[in-house]
Amino acid sequence: MRAVQVTEFGGPEVLTPVELPDPVAGPGEVLIDVERVGVNYADTHQAENSYLAPSKLPLVPGGEVVGTSGGRRVVALLNGGGGYAEKAVAPEATTFPVPDGVDDLAALSMLVQGTTAWVLLKKNAHLEPGESVVVHAAAGGVGTIAVQLAKAWGAGRVIATASSDEKRALALELGADVAIDSRAEDMTAALIEANGGRRVDVVLDMVGGTTTDGSIAALAPFGRLAFYGMAGRESPKPVELRSLLGHSTTISGMWLPHVFRLPGNVFGTALTDLFDLALAGKLKAIAGGEYALADARAAHEALRSRKTVGKLLLDPGK
């Protein structure tokens, strides 16, 4: 089969098209004929071995695919990679049927980005109606879903941040009440101004660096910041616990694999909810670009440039 392999850690340049033997499904696994592969920031960290779960060489990156298995159309989370290929093996426990009417883009958008936004708002932020919500990187995969969910779930004011006029226009189109420049010199002041002079209740942050620092400083009493990535590859300042007392604020982290350790089928519930909203026309997946499998390097370069919007896909058929 055709695949993309990494034999040395590094940036997009280490993604190499190769021919590999077809994978074989073991006990509790399914073999999937891959139709589309989702490209995520986690893949870029996996390629350079900076992900939360250490990578081992050689590796085929990619944690999510949509395709067919045993005559069923399915979407699946993979165990440790293997997605950038024409065929992939996935655990049965993380393989889900795709409803009729949900296309490949929507299926993959909801699987990782959608469930991430759902969990952040429901489990980390415990969003309540009327609260203000800041969505950083609002034109990205998680951001585009989070803006729509926050609005649908009764947020009083959704504040989007993005780096270009086009991205901010997209966030407004998706339901944000205001969109500000993510490169604001004083993020704290920019967020408070965007919220009508009031501190903000909820922040969803995957940027890091000064964006995180400024967002923490903008939190209202009992405000919550949910941190789920560091696309800017710059660590925020360390937080002293006593500083949280200043506004009774909460800072939490979220890594999606941990959701499977929760009691009950939280991930399945989230995905079903998201598919239902998509089928009802209440949740829109945003296409960020589709690349041939051999062009995975270009997809990573585009994603790391932070110039993309929505969901990026690879097509193994090209």
- Looking only at segment 113-130, decide whether some residue is of a type in the set (F, W, Y), modelled with pLDDT of 95 or more and farther than 30 Å from S69 by Cα. no
- Query: Of the conditions (1) among the acidic types (D, E); (2) in contact with a strand residue (DSSP E or B) (Cβ under 6 Å, 6 or more places away or on another chain); (3) farther than 19 Å from G38 by Cβ, D104 fails just one. Which one is it?
  - Reply: (3)
- Item | Enumeration of residues in segment 173-212 that are farther than 29 Å from I286 by Cα and among the charged types (D, E, K, R) | D186, R198, R199
- Task: Would you mind stating whether V24 is touching a residue at least 24 places away in the same chain (Cβ under 8 Å) and crowded, with 19+ Cβ neighbours inside 10 Å?
- Result: no
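Matching residues to (1) open to solvent by less than 60 Å² (accessible area, probe 1.4 Å); (2) part of a loop (DSSP other than H, G, I, E, B):
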site	(1), (2)
S215	yes, no
A220	yes, no
R224	yes, no
G229	yes, yes
P236	yes, yes
F260	no, no
- Item | Members of segment 199-232 found to be of a type in the set (D, E, K, R) and touching a strand residue (DSSP E or B) at 6+ places or on another chain (Cβ under 7 Å), listed by number | R199, D201, D205, R224
- Item | Any pair with Cβ under 6 angstrom, 6 or more apart, that starts in segment 69-80 at a residue that is closer than 19 Å to A106 by Cβ and ends at one that is open to solvent by less than 20 Å² (accessible area, probe 1.4 Å) and of a type in the set (D, E, K, R) | L77/E64
- Message: Restricting to segment 269-306, give me the number of residues that are without any contact (Cβ under 8 Å) to a residue 60 or more places away in the chain, among the hydrophobic types (A, V, I, L, M, F, W, C) and either in contact with a Lys or Arg (Cβ under 7 Å, 6 or more places away or on another chain) or more than 19 Å from L149 (Cα to Cα) (or both).
- Response: 2
- How many residues are under 11 Å from T161 (Cα atoms), surrounded by fewer than 23 Cβ atoms within 10 Å (Cβ to Cβ) and of a type in the set (D, E) if we restrict to segment 178-213? 1
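The values are calculated or read from the model by the stated rules, or taken from the named source; none is laboratory data. None of the values given here were measured: they were computed from a predicted structure. As a convention, Cβ positions derive from the backbone with ideal geometry for all residues, glycine included, and neighbour counts pool all protein chains shown. The area values use the complete protein model at the heavy-atom level, side chains included, leaving out ligands, DNA and RNA. Shrake-Rupley method; radii C 1.70, N 1.55, O 1.52, S 1.80 Å.
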